[in-house]
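Novice: Take a look at the following structure, please.
The values are calculated or read from the model by the stated rules, or taken from the named source; none is laboratory data. Because the structure is predicted, anything quoted here is derived from the model rather than measured. We place every Cβ from the backbone using ideal geometry, glycine too, and count neighbours over all the protein chains shown. SASA here: full protein model, heavy atoms, side chains in, ligands and nucleic acids out. Shrake-Rupley method; radii C 1.70, N 1.55, O 1.52, S 1.80 Å.
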Amino acid sequence: QVQVLETGGGLVQAGESLTLFCGVSGSINTFNAAGWYRQPPGKQRELVATINPGGTTNYLDSVKGRFTISRDIAKKMIYLYLQLNDLKPDDTAVYYCTAGTFIGESYYPSSTWGQGTQVTVSS
């Protein structure tokens, strides 16, 4: 089992930046990848960015060129970051980080989710 904690959200104006932070601890050895999801108000949760074991990243089309995912791996922790630049009102959502695995080209997150961190972008 893993524990997940996200921080770094806030209220910003369009065009500004935020950095989201996440710590994943516990049984992390079962996971070889990580990702960030978001859930906009009244909408389904969507996968925003992933990073695979080799460090290759992948992004939702609407955030390409604006968001950057990165990670640091310690002995018992995964530190995951999401740099959000040139934010837009449509980026308003609760953001969640996950540990997970890649099977082929598909990302499968852990069943454990944190509480998320709220990002609100005003126009």
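Novice: Loop only per DSSP, at most 16 neighbouring Cβ atoms within 10 Å: give me the GluC sites (Glu not before Pro) in region 1-73, ordered by residue number.
Specialist: 16
Novice: Per residue, how much accessible surface does region 1-59 expose to a 1.4 Å probe? Answer in Å², no decimals. Each step should come with its number before you reach the end.
Specialist: Details: 3100 Å² over 59 residues.
About 53 Å² of surface per residue is accessible.
Novice: Would you mind listing how long region 4-83 runs along its three principal axes, going by Cα atoms, in whole Å with the largest first?
Specialist: Principal-axis extents of the Cα atoms in region 4-83, largest first: 38, 24, 23 Å.
Novice: Please identify the trypsin sites (Lys or Arg not before Pro) of region 32-123 that satisfy two criteria: DSSP loop assignment and at most 14 other Cβ atoms within 10 Å. Which are they?
Specialist: 43, 45, 64, 75, 76
Novice: Pick from 96, 108, 37 the residue whose mean-square fluctuation is largest in a GNM of the chain, springs joining Cα atoms under 10 Å.
Specialist: Result for the chain, Cα springs under 10 Å: 108 fluctuates most.
Novice: Looking at region 31-123, I'd like the Rg to Rh ratio, where Rg is from alpha-carbon atoms and Rh is Kirkwood's inverse mean 1/r.
Specialist: Ratio value, two decimals: 0.95.
Novice: Counting only other residues whose beta carbon sits under 14 Å from that of residue 123, what net charge do I get with K and R as +1, D and E as -1? Mind showing how you got there, number by number?
Specialist: Values: positive: 88; negative: 16, 86, 90, 91.
Net charge around residue 123: -3.
Novice: At 7 Å along the Cα-to-beta-carbon direction for both residue 120 and residue 106, put a label point, then send me their distance in nm to one decimal.
Specialist: The modelled label-to-label distance comes out at 3.7 nm.
Novice: For residue 43, go through the aspartates and glutamates and keep the ones whose alpha-carbon is under 20 Å away, minus same-chain ones fewer than eight residues off.
Specialist: Leaving aside aspartates and glutamates fewer than 8 places away in the same chain, those within reach of residue 43 are 61, 90, 91.
Novice: In addition: Tell me, what % of the accessible area of the chain is carbon and sulfur with a 1.4 angstrom probe?
Specialist: Details: 3180 of 6550 Å².
Ligands and nucleic acids excluded, carbon and sulfur give 49 percent.
Novice: Can you return the aspartates and glutamates within cross-link range of residue 64? Criterion is Cα-Cα under 12 Å, with same-chain partners fewer than 8 residues away left out.
Specialist: 86
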